[in-house]
Every structure is written in structure tokens, then in C-alpha cells.
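Coordinate-derived values only; no laboratory data. Small disclaimer: the values here were computed from a predicted structure and weren't measured. Cβ placement follows ideal geometry from the backbone for every residue including glycine, while neighbour counts extend to all protein chains displayed.
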Amino acid sequence: MALVTMKEILEDADKRGYGVGAFNINNLEFLKAIVQAGEEEKSPLIIAVSEGAMKYAGVEYLSEIVKIAAKNASIPIALHLDHGKHFEKIMATLRNGFTSVMIDASDKPYEENVKLTSEIVKIAHAMGVTVEAELGRLLGKEDEVQSDVAIYTDPQDAKRFVEETGVDALAVAVGTSHGAYKFKGEAKLDIERIKKIKELVSIPLVLHGASGVPAHITKGLKEVGVDLKSAKGVPEEEIKKAIGAGIRKINIDTDLRLSFLLGVRRYMAENPTTFDPRKYLGAGMEIVKDTVKSKIQLFGSANKA
Ligand code: G3H
Ligand code: 13P
Ligand code: ZN
């Protein structure tokens with residue numbers, strides 16, 4: 001089928017009270033592994049492309065392969081720009097048929113965030129494209145996405161922000177952060193804050209930085225020489241509580257990166273003279289697929305497509 005909008009996917013999730021994974025891709029291998037997992041679990045999928053991914057692979061390449069994947073799939077798939085920070089990059093995704101964009105002006109003062117978000121809402125909605133925005137600030141650093149300070153989302157501000165901008169989904173800061181090192185102390189989310197925001201805001205809520213950094217992956221990595229030491233992710237119980245409190249879109253990138261790395265490193269450790277990329281990339285894809293399947297089960301989106 002053709003790509004669907006993220007709004008369509010999240011409306012069903014909101015109605016039936018489950019979460020949908022937004023999985024980041026940078027190349028064909030991750031996309032194929034994610035879509036295979038979605039098909040096997042009969043789950044809707046959100047495929048996320050960051051500005052960093054656009055820089056790495058090119059927006060034309062990425063959008064075309066996702067459109068082909070959707071055309072051949074029996075599950076609904078949305079193509080989403082993750083953390084859009086630059087007007088021209090957001091416009092490039094619209095020109096290339098993305099069905100959803102995130103405008104991330106969360107590092108700007110409130111009024112400026114409203115202004116920038118409203119501008120994108122006006123253009124994207126005229127094209128039938130869903131818009132996600134962010135209020136509050138997450139800690140952490142990835143390639144193109146970073147912040148040194150965390151500011152939790154204020155529920156009253158969230159209500160006002162949604163009314164003033166007309167966005168379709170809102171990313172909230174409730175204790176997660178990007179990357180593999182999310183918590184120094186106890187790994188806990190502010191579930192009460194999610195509930196309060198949900199009471200005041202009728203659109204679907206989004207949890208960024210939701211990777212779990214699973215022990216079986218870090219243990220496996222350690223065995224092949226990758227020691228992540230103090231890495232800590234969001235526990236599965238916290239994710240379940242967050243969905244129960246109203247989170248509908250759950251962003252996962254780090255866990256896929258770790259999974260792929262494990263597959264490749266393990267394959268190379270066991271087959272040190274192999275130089276056929278289809279062998280070691282295929283091994284990476286297998287673990288990415290397993291990880292996506294377990295996320296789909298955790299989020300409750302299995303058999304919802
Ligand atoms: O939240 C950010 C995503 O994980 C994308 O990261 O900018 O390194 O592609 P990236
Ligand atoms: P993780 O780093 O926890 O995978 O978060 C990804 C994310 O929020 C992408 O927008
Ligand atoms: Zn994010």
C-alpha cells in the first residue's frame with residue numbers, strides 16, 4: 001500500500017490505547033529488518049529519518065526505498081522526519097513525499113518554538129502531512145541532536161502550545177534522553193507528568209530517547225570486545241507505564257544501532273576472514289529484526305495492522 005500519514009497510525013493507537021514504534025533508519029539494511037519485523041508482527045510502523053540520516057544517505061534515496069517498502073507491505077507505514085531543525089531540510093522531506101515531519105524548536109524560547117512550529121504546521125497541513133513538535137528539552141547527544149540541559153514539559157504550557165500551534169503529536173520531556181547513557185541513578189520516568197499532560201492535551205504524545213539498552217545486547221557486545229560500561233536505558237516496565245499514561249509514539253534508534261553492531265561484530269569474530277558484506281550486514285539485520293519484534297510486542301502494536 002502507499003505510505004500513510006503518522007496521524008492515521010497514531011489515531012488508532014490512541015483509540016485502542018497502544019504505542020507505536022518510530023524506528024530510525026540510515027540505510028537499506030535497517031529498513032528491511034524493521035519492515036520484516038513489522039510484517040511478521042502485523043504492526044503499523046513509523047520509519048524515522050533524521051537530518052543526520054539525510055546527510056549520510058540522501059533524502060531521495062531514503063524516501064524512495066521507504067516508498068518501495070510500503071508499496072510491497074501489507075502493514076501501514078508512515079515516513080517521518082525526526083528532529084527537523086532546518087526549514088530547508090523540512091521542505092526537502094515534503095518535496096520527497098514524507099507523510100510526517102517533526103519540527104524540533106525545543107531549544108528555542110517558548111514563543112519562538114510556537115512561531116516556528118506554526119509556520120511548519122501551515123505548510124505541512126496544506127500538503128496533508130502530519131506534524132510533530134517538541135516542548136521541553138531532553139538530555140543527550142547523538143550525531144545532529146544534542147542538549148546539555150533537561151527541562152521537563154510543563155502540562156499547562158503543553159495545553160497552550162498545542163492550541164496555539166495546531167500540531168498533531170507532541171513530544172514531551174519526562175526523564176528520557178537520547179543515546180545509550182540515559183540515567184546516572186535510578187532509571188525512572190515522570191509518569192504523573194505524562195498523565196497530567198494527557199488530561200489537558202487531546203493529541204497523541206511522543207516519547208523520545210526510549211531505547212532500553214537491553215542487557216542481552218550489552219552482554220553480547222562485551223563478549224566481542226565492545227564494553228559500554230555505564231550504559232543504561234529505559235526499563236521495559238517504565239515504557240509500559242508510559243503507554244498506560246498516554247504515550248503513543250515511541251522513538252527507538254540506539255537499540256537498533258547496538259543490535260546491528262552486535263550482529264556484525266559477532267559475525268566477524270566468528271568468521272574473521274569473511275569479506276562478503278551480505279554476510280556480516282545480514283547478521284546485523286537479523287538482530288535488528290529481533291529487537292524490533294520485541295519492541296512491537298512491548299508497545300502493544302502487534303496484530304493491530
Ligand atoms: O534522536 C535522534 C536520532 O536518534 C537520530 O540521531 O542525528 O545521530 O541521526 P542522529
Ligand atoms: P534513543 O536514543 O533512545 O534510541 O532515542 C531515539 C530518538 O529519540 C529518536 O528521535
Ligand atoms: Zn529523539
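Normalised by the number of residues in the chain, the average gap of Cα pairs under 8 Å and 6 or more apart makes the relative contact order 22 percent.
Rounded to the nearest whole Hz, the Karplus-based 3J(HN,Hα) values (6.51 cos²θ - 1.76 cosθ + 1.60, θ = phi - 60°) of segment 62-72 follow the sequence 5, 5, 5, 5, 6, 5, 5, 4, 5, 4, 8, with x at glycine and proline. With a ≥ b ≥ c the root eigenvalues of the C-alpha gyration tensor of segment 7-123, is it rounded (a/c under 1.5), prolate (a/b larger than b/c) or oblate? Since a/c reaches 1.5 but b/c is at least a/b, the shape of segment 7-123 is classed as oblate. The orientation-averaged projected area of the convex hull spanned by the Cα atoms of segment 171-305 comes to 9.1 nm².
Projected onto their three principal axes, the Cα atoms of segment 67-211 cover extents of 44, 32, 28 Å, largest first. What you get for the chain, charging only the Cβ of Lys and Arg (+1) and of Asp and Glu (-1), is a dipole of about 560 debye around the Cα centre.
Just the number, please: Stokes-Einstein D of the chain in µm²/s, Kirkwood Rh from C-alpha pairs, 10 °C, 1.306 mPa s. Here the translational diffusion coefficient equals 83 µm²/s. For the chain, the longest principal axis of the alpha carbon atoms and the long axis of helix 6-16 meet at an angle near 90°. How high is the relative contact order of segment 70-143, in percent, counting Cα pairs under 8 Å that sit 6 or more residues apart? Contact order relative to length: 28 percent.
Between ASP227 and ASN72, the modelled labels are 4.2 nm apart [label points 7 Å from Cα along Cα→Cβ].
Extension gain for the segment MET268 to GLU60, taken as residue separation times 0.36 nm less the Cα-Cα distance, is 71.7 nm to one decimal. Each part reduced to its alpha carbon centroid, segment 277-291 and segment 232-276 end up 12 Å apart. As a proxy for reagent exposure, ranking SER211, SER118, SER202, SER63 by other Cβ atoms within 10 Å from fewest up yields SER202, SER118, SER63, SER211. Between ALA126 and ALA2, the FRET efficiency from the beta-carbon distance, with R0 = 25 Å, is close to 0.85. With a simple spin-label model that places each label point 7 Å from the Cα along the Cα-to-Cβ direction, the separation between GLU40 and HIS86 comes to 3.7 nm.
What is segment 127-226 by shape, rounded, prolate or oblate, if you read a ≥ b ≥ c off the alpha carbon gyration tensor as root eigenvalues and call it rounded for a/c under 1.5, prolate for a/b larger than b/c, and oblate otherwise? Prolate, because a/c is 1.5 or more and a/b exceeds b/c.
Distances between placed amide hydrogens fall under 5 Å for SER50 paired with ILE25, ASP82, all partners being 5 or more residues away or on another chain.
Axis angle, to the nearest 10 degrees, between helix 191-200 and the longest C-alpha principal axis of the chain: 40 degrees.
Any chance you could give the angle, 0 to 90 degrees and rounded to 10, that helix 155-165 forms with the longest Cα principal axis of the chain? In the chain, helix 155-165 runs at an angle near 80 degrees to the longest axis.
For segment 202-244, the residues whose amide N sits under 20 Å from a probe point set 7 Å from the Cα of ALA302 along the beta carbon direction are 211-217, 235-244. Under 5 Å from the amide H of GLY179 lie the amide H atoms of THR254, each residue being 5 or more positions distant or on a separate chain, with H modelled from the backbone and absent for Pro and chain starts. Averaging Cα coordinates gives a centre for segment 1-76 and one for segment 199-225; these two points are 18 Å apart.
Residue by residue, segment 167-177 carries 3J(HN,Hα) couplings of 5, 9, 8, 10, 7, 10, 9, 9, x, 8, 8 Hz when phi is fed to the Karplus relation 6.51 cos²θ - 1.76 cosθ + 1.60 (θ = phi - 60°); x denotes Gly or Pro.
Beta bridges from DSSP with both residues in the chain: antiparallel share about 10 percent, rounded to the nearest 5. Which residue fluctuates the most in the chain, going by a Gaussian network model with Cα springs under 10 Å, if the choices are ASN27, ASN113, ASN72? Between ASN27, ASN113, ASN72, it is ASN72 that shows the largest mean-square fluctuation.
Once the dipole of the chain is set up with Lys and Arg at +1 and Asp and Glu at -1 on Cβ about the Cα centre, which of PHE87, LEU116, ILE239 lies farthest towards its positive end? Result: ILE239. Here each label is just a point 7 Å from Cα along the line to Cβ, and for GLU111 and HIS216 those points are 5.3 nm apart.
Computed about its Cα centre, the charge dipole of segment 71-228 is approximately 340 debye, with only Lys, Arg, Asp and Glu carrying charge at their Cβ.
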